[in-house]
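The values are calculated or read from the model by the stated rules, or taken from the named source; none is laboratory data. Owing to the predicted nature of the structure, the values given are computational and were not obtained by experimental measurement. Here Cβ is always computed from backbone atoms with ideal geometry, including for glycine, and neighbour counts include all displayed protein chains.
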Amino acid sequence: MSKHAKSSTASFHPLSAPDFLPLPQLRDLQLQRLQFIVQRAYDHVALFHKRMSERSLTPQDVRTLADITKLPFTEKTDLRDTYPFGLFASPMKEIVRLHASSGTTGKPIVVAYTQEDLQVWTNVMLRSFAACGLHEGDVIQNAYGYGLFTGGLGAHYGAEALGATVIPISGGNTPRQLMVMKDFGVTAICCTPSYFLHLIDQAAEEGVNLKELPLRAGVFGAEPWTESMRRRIEAESGIKAYDIYGLSEIIGPGVAMECPCQAGPHIFEDYFYPEIINIKTGKPCADGEEGELVLTTLGKKAMPMIRYRTRDITALTSETCECGRTLRRIKRIGRRADDMFIIRGVNVYPSQIETALLKVEGTLPHYQIVLTREKDLDVMEVQVEVTPEVFTDTVGALEQLQSQLTKSIESTVGVRAGVRLVQPRTIARSEGKAKRVIDQRKM
Ligand code: DLL
């Protein structure tokens, strides 16, 4: 097939076979892997061992898949409390890669991979690309960030294993992205959906007609988006836009991916066991009912995650999909059970902003984060009250404070924010929980 073919003929990749396993076989495989991983975590992760013992449980108590509900949950705070390596089940000499993602404070959470874990990750990413009809010969522009973020490298190795030509352009530098897309015959792009909207705008400004390019698919994720965003992307660029879901704690991108039916991401259940629970009670929800997604890694050695509470709100459906995959699907993730927000693909907690502000003297603990969108790019402004003494200071002193705060936020959170210093008592006080984030971005 020519690299420039615009056809979207769905192809079958031999490594995608587990997507279509008959259900009894899939459930058997899940149980086998669950028993293995529970034993491994019990033997090598002190926190998990302790929690099992407190419940008088041993790995032998997991006899069926339903027994998973006996096991303790793992939460983001567990990663923070055991920072950096406390949940690793492999010795350092077997760990070949580390990634990191935002924690609730200034410190990130760290995730680890053995050589085998990387193969699992490559496998699910390859299957993600294959699921949306990409194959050998496609030219994939990977505009997810390379670095500690899992997006770049995760997509990279999956695309290479597929046999596609990967352009590891990473995020940012929009004019260069457009040049590459035009000149290199790009057929698929990976980036956040909001960044692709920005690319659409820039293309229009530069007089580039995306519909005339061989580009035919977008693999969009790492942040919430909506059906109306999908419609807009597809109408304005002539491509098919697919939803990919994942999180660092579980592996990175490739936990779930849409098929050509675009009816919600299929979870790669042979490697990730999903549950939906009621946020308050922790009890399982019925098929189709909304709750918090809980995931257990069935094939990860360096850092097995047992019943990890993702804080992502969705529903699980076992309705059959026309594509023939037996993997269950999740509904688009639109909101979270905590206060994390995602800006330009970076996860941010208000508590991190607070930490950054407190590092600099002269500000009061009253602040508000205002999120807007300019030309489809997220903009964050942090408004912070300053002490009365500072407020009557010279313009130079105020500017210096502002620049210190900007730097402190950037180094803590990894994203640049505008900082606006405001007079004491100007930020609205709330009677209950302070409203820290005002999200004015229109999806
Ligand atoms: O965002 C991994 C990833 C990279 C996924 C590239 C897809 C594509 P984290 O930085 O750990 O990992 O952020 C994970 O992002 O818990 C969700 O809240 C959100 N998220 C990820 N994908 C989607 C999506 C990567 N398709 C957190 N829709 C998750 C909605 C998403 N939210």
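With respect to (1) outside any strand (DSSP E or B); (2) more than 15 Å from the chain's Cα centre (by Cα), the lone exception for Arg332 is condition (2). For segment 112-129, the criterion of being within 20 Å of Ile306 (Cβ to Cβ) and among the aromatic types (Phe, Trp, Tyr) is met by at least one residue. Residues in segment 293-320 that are of a type in the set (A, V, I, L, M, F, W, C) and not in a loop (DSSP other than H, G, I, E, B): Leu293, Val294, Leu295, Ile313, Leu316. Can you confirm whether segment 213-223 contains a residue that is charged (D, E, K, R) and either in contact with a helix residue (DSSP H, G or I) (Cβ under 6 Å, 6 or more places away or on another chain) or modelled with pLDDT of 95 or more (or both)? Yes - at least one qualifying residue is present in segment 213-223. Taking the residues in segment 314-344 that are under 27 Å from His13 (Cα atoms) and charged (D, E, K, R) as candidates, determine which candidate is nearest to the ligand (Cβ to nearest atom). Among those that are under 27 Å from His13 (Cα atoms) and charged (D, E, K, R), it is Arg332. Note on segment 399-443: residues that are in a helix (DSSP H, G or I) and not hydroxyl-bearing (Ser, Thr, Tyr) total 10. Restricting Ile250, Ile276 to those that are touching a Leu at 6+ places or on another chain (Cβ under 6 Å), within 11 Å of the ligand (Cβ to nearest atom) and at pLDDT 95 or above reduces the list to Ile250. With respect to the conditions (1) within 15 Å of the ligand (Cβ to nearest atom); (2) in a loop (DSSP other than H, G, I, E, B); (3) surrounded by fewer than 20 Cβ atoms within 10 Å (Cβ to Cβ), Gly264 lacks only one, and its number is (3). Those strands (runs of 3 or more DSSP E) of segment 342-389 in which at least 3 residues are farther than 13 Å from Arg416 by Cα and touching a strand residue (DSSP E or B) at 6+ places or on another chain (Cβ under 6 Å), considering only elements entirely within it, cover 363-374, 377-386.
Only a single criterion out of (1) in a loop (DSSP other than H, G, I, E, B); (2) within 16 Å of the ligand (Cβ to nearest atom); (3) farther than 25 Å from Tyr157 by Cα; (4) not basic (Lys, Arg) is not satisfied by Ile233, namely (1). Considering only segment 144-230, give the strands (runs of 3 or more DSSP E) lying wholly within it that have at least 2 residues that are under 17 Å from Met257 (Cβ atoms) and within 12 Å of the ligand (Cβ to nearest atom). Those strands (runs of 3 or more DSSP E) span 188-191, 217-221. Evaluating Ile333 against the criteria (1) under 30 Å from Glu399 (Cα atoms); (2) touching a residue at least 24 places away in the same chain (Cβ under 8 Å) leaves one unmet condition, (1). Checking each residue in segment 155-211 for being among the polar types (S, T, N, Q) and surrounded by fewer than 21 Cβ atoms within 10 Å (Cβ to Cβ) picks out Thr165, Ser170, Asn173, Thr174, Gln202, Asn209.
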